[in-house]
Amino acid sequence: MAAPPVIAVVGPTGSGKSDLAVNLALKLDGEVINADAMQFYRGMDIGTAKITVAERRGVPHHLLDILDVTQEASVSDFQHQARGTIDDIHARGKRAILAGGSGLYVRAALDVLEFPGTDPVLRARLEAEHAELGTGALLARLRTVDPISADRVSDARRIIRALEVQELTGRPFSSFMPRREYYQQAVQVGLDVDRGVLRERLAARVHRMVDAGLLDEVRMLDARGLRRGKTASRALGYSQFLRVADGASTMQDAVEETIVATRQFARRQLTWFRADPRIAWLDWQDPELTAKAVELCR
């Protein structure tokens, strides 16, 4: 018998994806797979609004707390892990429910998406060239071999990666971009938000995180090597509150900066998910939200 469609619950941060995923799991005999890159990290609980054991209501959750803060999250590793987890869940007769707002990670699990390899020696050489020549010079080089990628990327890390892939494979990095073609059958449920309400909700959530001990969590993770983590150290709230721990910023400034950054991130998430015509959008505050989502997923 063919496996049922994978379910994905997507939308901006703070829209209630985790709650809906649990509700769907309880209704459809499912298990949840985390697709929020920052929730991979052990100890990053308060600042990522990680779902608690009590909030999971007995529903198994996968791919939470799988990395130390010093490790770098990898989309290709996640693809392998997520697809293996989906297969395992379906093999046991359950429904696999992906939940998270990291758009590329969701697409890596759901879509036909090929990941080129890496070469540490080549990467080190490009990083050394960047240190010597600067971002502008490497971007100009990228423009000659892959103008599409050059128009899409601007930060040094992505420029170096695009050049690495081009040298390693002989193909432009842009040729590896995902297609809107499911790897296996899937249903995507998007949470349609009132942006004004979401703005206020995100601000309130940041304040709750601070009251719950975000600064202490950041200090604890700093002792575990948070600053050395290329992915974890950039997480919303954590980079801002590291400066508080250093005495370089006030709590008030860190709170305001985190609120602004979180709102900007939510806008980027909405732009990303709105571009996918396959997503079925439901009102995040609809009293019948779970029932309507269940109908979509049946």
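Some notes on this structure:
- Extreme residue, nearest to residue 82 (Cα to Cα), among residues of the range 183-222 that are touching a helix residue (DSSP H, G or I) at 6+ places or on another chain (Cβ under 6 Å) and assigned to a strand (DSSP E or B): 186
- Out of 261, 266, 275, 254, sole residue that is modelled with pLDDT of 95 or more, over 20 Å from residue 209 (Cα atoms) and of a type outside the set (S, T, N, Q): 275
- When residues of the range 261-298 are limited to those that are of a type in the set (Val, Ile, Thr) and surrounded by 13 or more Cβ atoms within 10 Å (Cβ to Cβ), the one nearest to the chain's Cα centre (by Cα): 262
- Odd one out for residue 86, checked against (1) part of a helix (DSSP H, G or I); (2) buried (at least 18 other Cβ atoms within 10 Å of the Cβ); (3) free of Cβ contacts under 8 Å to residues at least 40 places away in the same chain: (3)
Conditions tested, residue by residue: (1) among the aliphatic types (A, V, I, L, M); (2) not in a helix (DSSP H, G or I).
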residue: 101; (1), (2): no, yes
residue: 105; (1), (2): no, no
residue: 109; (1), (2): yes, no
residue: 115; (1), (2): no, yes
residue: 118; (1), (2): no, yes
residue: 121; (1), (2): yes, no
residue: 124; (1), (2): yes, no
residue: 127; (1), (2): no, no
residue: 130; (1), (2): no, no
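- Residues located in the range 136-151, provided they are under 13 Å from residue 162 (Cα atoms) and not aliphatic (A, V, I, L, M): 141, 143, 144, 146, 147, 149, 151
- Taking first residues from the range 5-32 that are in a loop (DSSP other than H, G, I, E, B) and partners that are small (Gly, Ala, Ser), the Cβ contacts under 6 Å between residues at least 6 apart in sequence or on separate chains come to 5/186; 11/190; 12/266; 13/101; 13/266.
- Candidates 37, 96 - the one that is surrounded by 16 or more Cβ atoms within 10 Å (Cβ to Cβ), farther than 24 Å from residue 236 by Cα and among the small types (Gly, Ala, Ser): 96
The values are calculated or read from the model by the stated rules, or taken from the named source; none is laboratory data. Note that the structure is a prediction, hence the values are computed from the model and not measured. When we count neighbours, we look across all protein chains shown, and the Cβ atoms used for this are built from the backbone with ideal geometry, even at glycine.
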